[in-house]
1. With respect to Ile96, is the statement that it is over 20 Å from Phe130 (Cβ atoms), assigned to a strand (DSSP E or B) and in contact (Cβ under 8 Å) with a residue 60 or more places away in the chain true?
2. Return yes when Gln23 is touching a strand residue (DSSP E or B) at 6+ places or on another chain (Cβ under 8 Å), surrounded by fewer than 17 Cβ atoms within 10 Å (Cβ to Cβ) and not charged (D, E, K, R) and no when it is not.
3. Checking the conditions here, which among Arg33, Arg40 is in contact with an Asp or Glu (Cβ under 6 Å, 6 or more places away or on another chain) and at pLDDT 95 or above?
4. Name the one entry in Arg20, Arg104, Arg70 that is part of a helix (DSSP H, G or I), more than 19 Å from Ala124 (Cα to Cα) and among the basic types (Lys, Arg).
5. For segment 48-90, give me the residue count where each residue is free of Cβ contacts under 8 Å to residues at least 12 places away in the same chain and among the aliphatic types (A, V, I, L, M).
6. Looking only at segment 73-90, count how many residues are touching a strand residue (DSSP E or B) at 6+ places or on another chain (Cβ under 7 Å), surrounded by fewer than 21 Cβ atoms within 10 Å (Cβ to Cβ) and not in a strand (DSSP E or B).
7. Quick one: which of Ile56, Ile115 is out of contact with any Asp or Glu (no Cβ under 9 Å at 6 or more places or on another chain), surrounded by 15 or more Cβ atoms within 10 Å (Cβ to Cβ) and part of a helix (DSSP H, G or I)?
8. Does Asn6 count as over 14 Å from Ile115 (Cα atoms) and in contact with a Cys (Cβ under 7 Å, 6 or more places away or on another chain)?
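The values are calculated or read from the model by the stated rules, or taken from the named source; none is laboratory data. Everything numeric in this text was worked out from a predicted model, so none of it was measured. All Cβ positions, glycine included, derive from the backbone under ideal geometry; neighbour counts span all protein chains shown.
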Amino acid sequence: MLLKPNATNHCFGCGGANARGMQLTFEQDDEARQIRGIMRLGAEYQGGAGFVHGGIVATLLDEVMAKVNRFGQDYAVTAQLTVEYLKPVPVDEELIVNGWEVERDGRNLLREGEIRDASGVLLARGKGRFVSIDPKKFRPGIATADASEQADGKRI
């Protein structure tokens, strides 16, 4: 299933309502229970000349791991994010971003993600701890929204 940016979501990474945001698109693989994105980031996202800024690398990993919350229809927010930068991530080249669930421990949802180049070389990987929240307590009125649109944790 293709996960396009939601036109009413202001999220910097995946929202369609943020004209200055990344407006990332992902694919949901229900069989593998993974989220995947294939993207090419331009020079507007670079840090050092020719390479994606480290904060944007972290954003990609956070976004792909947060989308994994959709499989359990969890409302969750990022509590902890660890990024390991293995090689510079080039701008204007195809990137493959994947995220998956590692463990569920009560309200703690542990995720992992990675970024590879088109030839499969691992460029960066991340681990995330997301914490389930009660959306009615976090933001009144959210419970009336479509759960499938809310479940990635970034639309809250």
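1. Judged against the criteria, Ile96 is a match.
2. no
3. Details: Arg33 fails: in contact with an Asp or Glu (Cβ under 6 Å, 6 or more places away or on another chain).
Just one listed residue meets the conditions, Arg40.
4. Working: Arg20 fails: part of a helix (DSSP H, G or I); Arg104 fails: part of a helix (DSSP H, G or I).
Being part of a helix (DSSP H, G or I), more than 19 Å from Ala124 (Cα to Cα) and among the basic types (Lys, Arg) holds for just one of Arg20, Arg104, Arg70, which is Arg70.
5. Qualifying residue count, segment 48-90: 1.
6. 3
7. Values: Ile115 fails: part of a helix (DSSP H, G or I).
Result: Ile56 is the single residue among Ile56, Ile115 that is out of contact with any Asp or Glu (no Cβ under 9 Å at 6 or more places or on another chain), surrounded by 15 or more Cβ atoms within 10 Å (Cβ to Cβ) and part of a helix (DSSP H, G or I).
8. no
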